[in-house]
């Protein structure tokens, strides 16, 4: 399944900021594998003195951004799972900002965060490999708007690219 299979009617325009980061050649399942390698390499290369750096007092640290990527993947894969199982129940949104403090990201080592990321990503890959392209095309409702299972999954990949770009521009 390629990103070009995705129609803009399958997601709220807000998620376009992430989906538009994706190459037209991106294949969903391969994108999760390549993304895992890229995220691990990127965060392993962050200098120790930058791990808790914030470019503004109100912004997250680098560790908190990684935790945010992990948490968001969990939520969007849950959406993908429910929708791919043809669950038509409306799925709630979430406030990403309230997740950071309880996560304790800055009290974790970068190694612990990367390990957590790997576990979540492996679970996502396993799930995506267990469903069909037809199931990925199912549409449900998330955060008050239509969302297909594949849109939820593609959003994860674009979301991580978005945040890596922000870290490169404002943190390093």
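The values are calculated or read from the model by the stated rules, or taken from the named source; none is laboratory data. Note that the structure is predicted; figures quoted are calculated from it, not measured. Cβ: placed from backbone, ideal geometry, glycine included. Neighbour counts: every protein chain shown.
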Here the residues within region 44-58 that are part of a helix (DSSP H, G or I) and more than 13 Å from residue 168 (Cβ to Cβ) are 44, 48, 49
Among (1) outside any strand (DSSP E or B); (2) modelled with pLDDT of 95 or more; (3) farther than 13 Å from residue 76 by Cβ, residue 172 falls short only on (2)
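When you check residue 83 against the structure, is it in contact with a strand residue (DSSP E or B) (Cβ under 9 Å, 6 or more places away or on another chain), farther than 19 Å from residue 35 by Cβ and part of a helix (DSSP H, G or I), yes or no? Give the derivation first.
Numbers: in contact with a strand residue (DSSP E or B) (Cβ under 9 Å, 6 or more places away or on another chain): yes; farther than 19 Å from residue 35 by Cβ: yes; part of a helix (DSSP H, G or I): yes.
Considered against the rule, which asks whether it is in contact with a strand residue (DSSP E or B) (Cβ under 9 Å, 6 or more places away or on another chain), farther than 19 Å from residue 35 by Cβ and part of a helix (DSSP H, G or I), residue 83 comes out as yes.
Kindly establish whether residue 156 is under 22 Å from residue 1 (Cα atoms), within 11 Å of the chain's Cα centre (by Cα) and touching a residue at least 24 places away in the same chain (Cβ under 8 Å).
yes
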If we keep just the residues of region 65-80 that are free of Cβ contacts under 8 Å to residues at least 60 places away in the same chain and either over 24 Å from residue 133 (Cα atoms) or in contact with a helix residue (DSSP H, G or I) (Cβ under 7 Å, 6 or more places away or on another chain) (or both), which is surrounded by the most Cβ atoms within 10 Å (Cβ to Cβ)? 66
Identify the residue in region 1-46 that is farther than 26 Å from residue 140 by Cβ and touching a residue at least 24 places away in the same chain (Cβ under 8 Å) and, among all such residues, is surrounded by the fewest Cβ atoms within 10 Å (Cβ to Cβ). 44
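Does region 140-155 include one or more residues that are surrounded by fewer than 12 Cβ atoms within 10 Å (Cβ to Cβ) and within 20 Å of residue 41 (Cβ to Cβ)?
no
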Among the candidates 129, 97, 106, single out the residue that is surrounded by fewer than 18 Cβ atoms within 10 Å (Cβ to Cβ), part of a helix (DSSP H, G or I) and at pLDDT below 95. 97
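Tell me, yes or no, whether region 134-141 has at least one residue that is without any contact (Cβ under 8 Å) to a residue 12 or more places away in the chain and within 15 Å of the chain's Cα centre (by Cα).
No, the conditions are met nowhere in region 134-141.
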